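Have a look at the structure below, then the notes.
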Amino acid sequence: MVHKNTKLLIDGYEFELTGFSCENGFTTVMVRVSGNGESQADLKGWVLEMCAGEPSRFEGVEIVSCEKRRRRGAWTPATAIKTSYELTGDIGISGVAVSDWIGRYEDDPDVEYRLVFDTELAFEPFGVALIFSDRTRVSEDKIGSPAEPASKIWTTPVEKSFCLYIVVPEGYKPVNACKAAVSVSKRMVYLTHIKNDTEQNGKALKAILTGAVRIVASVPLRSAQGAGDDVQIGACDCFEINDTIGYADEGTLFDWRDIVISPKQKSLDLTLLNAHCGKSVYRLDGKLTIDCKHCE
């Protein structure tokens, strides 16, 4: 049977193959999972079938890493282990069991998983199994041909930390950090495409963002006497950036219009460092994010 579909719908959950590559002795498989609102329960895990034609070939393969990202955000560690009867019951397929919560509703975040194995494995159509609290369900169909590679591969979002120092005059103290207004502007930032000597992701070019950004913060102050006056204090500084934002094929370039640099929401924190002669010194810590406005 020929399997050409890269998506599979089972019990209200859609599984989509978003990437498959074998290079430098490793195999990388990327699968995105989302609910469509038709399932009666949230998932607590799922199983990815490996080496379906000859399961014994997977016995000596080890998992190098497993990562996940929700709504195409930052990659974070996830838990995956090779299947066994004790973990998943007799589901009839061998592969990798991923332990993670996935919501069943359409407005729940989709989750993309990236699994890396220590052996180069030829692509084979694979099935999946759902793990619920009281049962498992194995797909009747399989996911076929891997998705066509994108001409550009983003490695964003990139998060970078920054800190600003604020001297608060006598008789005032800062309001909560969440009340601070922070803006980021580019200062002599260059977008450069260079030859990808490492051949990472199979792309010929590497795109690098280099230069500096200027961060300006405005922090509201509260009068110690409770006078109710509206006072704000400002601080600014420049911070260097030198980050790879992605990889591309020959003839395909990243564009400034696709990139946004902004403060990360809910990342601000105020710390009192010192007080002398009525004045106080605070450090405002935060993060900025380099991200793409849209992906291919």
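Readers should treat all values here as calculations from the given coordinates under stated rules, not as data from a laboratory. As the structure is a prediction and not an experimental result, all values here were calculated from the model. Methodologically, a virtual Cβ is constructed for each residue, glycine included, from the backbone with ideal geometry; neighbour enumeration extends over all protein chains shown.
The figures follow:
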{"read-out": "The stretch 7-138: C-alpha gyration tensor shape, a/c 1.5 cut-off, then a/b vs b/c", "value": "oblate"}
{"read-out": "Footprinting exposure proxy for Val219, Val116 (fewest neighbouring C-beta atoms within 10 Å first)", "value": "Val116, Val219"}
{"read-out": "Modelled FRET efficiency - R0 22 Å, Ser262 with Thr192, Cβ distances, 0.05 increments", "value": "0.55"}
{"read-out": "Virtual paramagnetic centre 7 Å along Cα→Cβ of Glu67, amide N under 18 Å, in the stretch 248-273", "value": "248"}
{"read-out": "Length added when fully stretched, Asn36-Cys163, from 0.36 nm per residue minus Cα-Cα", "value": "41.5 nm"}
{"read-out": "Shape category assigned to the stretch 152-292 from the gyration tensor of Cα positions, a/c cut at 1.5", "value": "prolate"}
{"read-out": "Taking only Cα atoms of the chain, radius of gyration then Dmax in Å", "value": "24.6, 81"}
{"read-out": "Computed helical MRE - 222 nm, the chain, DSSP H runs ≥ 4 contributing -39500 (n - 2.57), nearest 500", "value": "0 deg cm²/dmol"}
{"read-out": "Test item: Cα-centred dipole of the chain, Lys/Arg +1 and Asp/Glu -1 on Cβ, debye", "value": "1400 debye"}
{"read-out": "Nearest-20 debye value, the stretch 7-138 charge dipole, Cβ charges on Lys, Arg, Asp, Glu", "value": "280 debye"}
{"read-out": "Gained length - Arg57 relative to Ser218, 0.36 nm times residue gap less alpha-carbon distance", "value": "52.0 nm"}
{"read-out": "Relative contact order of the stretch 190-296, defined on C-alpha pairs under 8 angstrom at six or more residues apart (%)", "value": "22 percent"}
